[in-house]
Each structure stands twice: as structure tokens, then as C-alpha cells.
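Right, one structure below, let's go through it.
The values are calculated or read from the model by the stated rules, or taken from the named source; none is laboratory data. Note that the coordinates shown come from a computational prediction; the quantities given were computed from them, not determined experimentally. Counting neighbours? That spans all protein chains shown, and the Cβs are built from the backbone with ideal geometry, glycine included.
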Amino acid sequence: MLVVLETGLPQERTQAIQARLRTLGFAVHARREGDRVVLGAVSVSGENRIEEVRAIPGVVEVKQIREPFKLASRSFKPDDSVIDVGGVLVGGPEVILMAGPCAVEDDHQVHETARAVASAGAKVLRGGAFKPRTSPYSFQGLGEEGLRILRRAADEFGMVLVSEIMDVSQLDLMLRYVDILQIGARNVQNFSLLRAVGQVDRAVLLKRGMASTIDEWLMSAEYLMAGGNHKVILCERGIRTFEKYTRNTLDLSAVPVVRQLSHLPIIVDPSHGVGVRSMVLPMARAAVAAGADGLLIEVHCDPEHALCDGQQSLLPEQFEVLAQQIRIIAGSVGRRLGPGS
Ligand code: PEP
Ligand code: MN
């Protein structure tokens, strides 16, 4: 439930109310709204003790949050969340471009790609060092060496870095290198991973699973937030349907649905959404027109020889065109795209 406290309540009273809620069996998440405090109280006992909460002195309003995802819901926080990742604001007026190769292959590949995407306007460098591959015989990623290569390139071109964590055992290592922990489509319901990442103070890019309903996806976000990590960025990347012309079916209607249900920022990954290079640009345009806060795009200098997802990777010059077109579309929907480096 949402518990609104009196305006200007002294801190000791606010803390005493939180302690009382805990003894009543609630997990408590506090949020400041101007000069009043709003508490999200999530029952861990399953009991509904709304009347007892209403009776606490200093409480002015109590509202049930009907959605199963409490902290992720707009009922808990009506205003859009803006996630600050090293000065890059995701969910604000600027559309954020995240780009780079599917997988890190070597220093030259990442360096050249990072330089090109940064100069076109990307603020976030992407690249996988740990790759979730369907076949155990496919390239699995360079591991820590890949993270080192990514970090060097991100620092050189003034970008922040997103890379995928596949397993709880990689968390300490990832925290030494990345600014955003990506949780991929295959791990969206890996609850022990979600719980572990929920404990750390690091932004998370949470992809939609290929068979996740929007409710299930938001419940995964709730796992992160229930642990205390509220820096969650959602990423629509397509769901599996009967259609075969595209790798997945990019569900762009998820953008307005999520914006209605949740205050969390949502970006779109058209690369995995369609899986075909020539279709990435039109879907990127459509995503921003639909209200996406950013795009995640695979770019490779030599996609013919890529070790992963070459068929859907844009050439640097195609990414440059994408950025130019997104700049125009962003402007027409009240957003903007910053200049390149
Ligand atoms: C990726 O972004 O490299 C990736 C593996 O994506 P997904 O989890 O959406 O398949
Ligand atoms: Mn990929």
C-alpha cells in the first residue's frame, strides 16, 4: 500500500512510523515527494492491516496498490523515474542511444565500433563478455578480458558501459567494470540472480523474456526493487511468436503499456527484436515514435565476420544514418537526441 505522511514531519517521527509498519509485517520503501515522505509498504505476511496503518499518527492517506508489482507501479510513483548512470540520464527528455557489438571479439573491434557510435551520438557502449548462446559450441565470450577491453574503450570515448551478467558468481567481477548490469532475456526469471542484483547499487538493464508477459516482466523488476535497487531500466527485445520472417516479434505496444503501468524507463532493442539488419532502422524509428526512452543497437565494423549476431548488426555508417533519423523523430515527439562526440 501507499502510505502518505504529513508534510514537514520530523525525521524521528518518519522513522518511528517506518518501524511501526515493519512490526505490522510490512517491508518499507521510503520516497521523498517535495517536503513530504511517501512510503511504499509491501505486506510480507500477506495480511491486510490497512485500518491499523490508517490509525498511525502522522499518516494522512493510505491507498491500496492493486497491481502485483508494487514498487514498479505508477500507483506507487506517479512521476517518471530518471536513472542517472554516470551523468547519462535515462528516462529524461533525451533519447539515449546504447550501441556496440553483440560480443567483444578483440580490442580493435571494440575500439573502432565505440569510436564510430560515440561520434554518431551514442552515450552508452554495449558489448557482451559473457554470452548466453543456444549452442555450447558457439563463441561464449572473452570473460574478464572482454570486460577490460570494453572499459578501456568506454573510458576513451567518454561513454558509460552496459554488459550482460549471466550468473550470480560473476557479480563482483562485473561490478568492477560495468556501469549498467544487463540481465538478458534468458535470465529474466532467474530469481536468485535478480535477488543478488537487487542488493547492489548499480543500474540494471532488464530485458523482457522471449515468453514473458508484461506482468511477469514487471514482477522481475519488482524483485530488483524489493531488494532495494530502484535503478531499473526495462528493455523490450521482442517475444517469440509463430512468425518466421523476423527473429522475434518486436512488441512495440509494450512501450505505451509499460509507460501506463510503471514509472520505470523503457528502451527498445530492435536488433534482437527483428534479427535482420535491413529491418533494424525502421523499427528503431517506430520505437522512438512510440515513446521509448532509448535504443539498444548492435553495431559491428565487419559484420560478415562477426562471431555473434552479424546478420542483425549495423555497419557504423548505417548507425550514423539511424542517429540522424532518430534525432528528427525525437524532436517531433517532444524529445531530443544529444550531439555526437
Ligand atoms: C544481447 O543483448 O546481447 C542479448 C543476448 O540479448 P537478449 O538477452 O535480448 O537475447
Ligand atoms: Mn546479440
Any hit, segment 90-102, residues being surrounded by fewer than 16 Cβ atoms within 10 Å (Cβ to Cβ) and under 21 Å from the mean Cα position of the chain (by Cα): yes
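Taking the options 293, 302, name whichever one is within 16 Å of ligand 2 (Cβ to nearest atom) and either in contact (Cβ under 8 Å) with a residue 60 or more places away in the chain or touching a Ser or Thr at 6+ places or on another chain (Cβ under 6 Å) (or both). Spell out how you get there, then give the answer.
Numbers: 293 fails: within 16 Å of ligand 2 (Cβ to nearest atom).
None of the others qualify; the one that does is 302.
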Single residue of segment 289-322 satisfying the filter (part of a helix (DSSP H, G or I) and of a type in the set (Asp, Glu)) that is nearest to ligand 1 (Cβ to nearest atom): 304
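Looking only at segment 75-94, decide whether some residue is in contact with a helix residue (DSSP H, G or I) (Cβ under 7 Å, 6 or more places away or on another chain), of a type outside the set (Gly, Ala, Ser) and at pLDDT 95 or above. So that I can check it myself, show each step before the final result.
First pass over segment 75-94, keeping only residues in contact with a helix residue (DSSP H, G or I) (Cβ under 7 Å, 6 or more places away or on another chain): none.
Within segment 75-94 (the criterion being in contact with a helix residue (DSSP H, G or I) (Cβ under 7 Å, 6 or more places away or on another chain), of a type outside the set (Gly, Ala, Ser) and at pLDDT 95 or above), the answer is no, since none of the residues qualifies.
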Any hit, segment 11-22, residues being under 24 Å from the mean Cα position of the chain (by Cα) and under 20 Å from residue 230 (Cβ atoms): no
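Quick check on segment 1-36: of everything there that is among the hydroxyl-bearing types (Ser, Thr, Tyr) and part of a helix (DSSP H, G or I), which residue is surrounded by the fewest Cβ atoms within 10 Å (Cβ to Cβ)? Working first, answer last.
Narrowing segment 1-36 to residues among the hydroxyl-bearing types (Ser, Thr, Tyr): 7, 14, 23.
Retained after the next criterion (residues that are part of a helix (DSSP H, G or I)): 14, 23.
Details: 14: 18, 23: 7.
Per the criteria, the residue is 23.
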Candidate set: segment 146-188, residues that are buried (at least 21 other Cβ atoms within 10 Å of the Cβ) and touching a residue at least 60 places away in the same chain (Cβ under 8 Å); chosen: the one nearest to ligand 1 (Cβ to nearest atom): 185
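Considering only segment 257-290, state which residues are surrounded by fewer than 20 Cβ atoms within 10 Å (Cβ to Cβ) and within 16 Å of ligand 2 (Cβ to nearest atom). Break it down stepwise before answering.
Going residue by residue through segment 257-290, those that are surrounded by fewer than 20 Cβ atoms within 10 Å (Cβ to Cβ) are 257, 259-261, 275-279, 281-282, 285-286, 289-290.
Hits for segment 257-290 are 275, 276, 277, 279.
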Evaluation of residue 104 against (1) in contact (Cβ under 8 Å) with a residue 60 or more places away in the chain; (2) within 15 Å of ligand 1 (Cβ to nearest atom) (one fails), failing number: (1)
Of all residues making up segment 122-145, the number that are away from ligand 1 (no atom under 16 Å from the Cβ) and either closer than 19 Å to residue 173 by Cβ or touching a residue at least 60 places away in the same chain (Cβ under 8 Å) (or both): 3
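Of the residues 204, 200, only one is away from ligand 2 (no atom under 16 Å from the Cβ), buried (at least 24 other Cβ atoms within 10 Å of the Cβ) and in the same structural domain as residue 143 (by TED's automatic domain parsing); which? Quick ask: steps written out before the conclusion?
Working: 200 fails: buried (at least 24 other Cβ atoms within 10 Å of the Cβ).
The match here is 204.
Could you list all residues from segment 234-245 that are more than 15 Å from the chain's Cα centre (by Cα) and surrounded by 18 or more Cβ atoms within 10 Å (Cβ to Cβ)?
At the first step, the residues of segment 234-245 found to be more than 15 Å from the chain's Cα centre (by Cα) are 239-245.
Hit for segment 234-245 is 239, nothing else.
Specify which of the listed residues (78, 136) is outside the structural domain of residue 258 (by TED's automatic domain parsing) and surrounded by fewer than 22 Cβ atoms within 10 Å (Cβ to Cβ). Full working, then the answer.
On the way: 136 fails: outside the structural domain of residue 258 (by TED's automatic domain parsing).
On inspection, the qualifying residue turns out to be 78.
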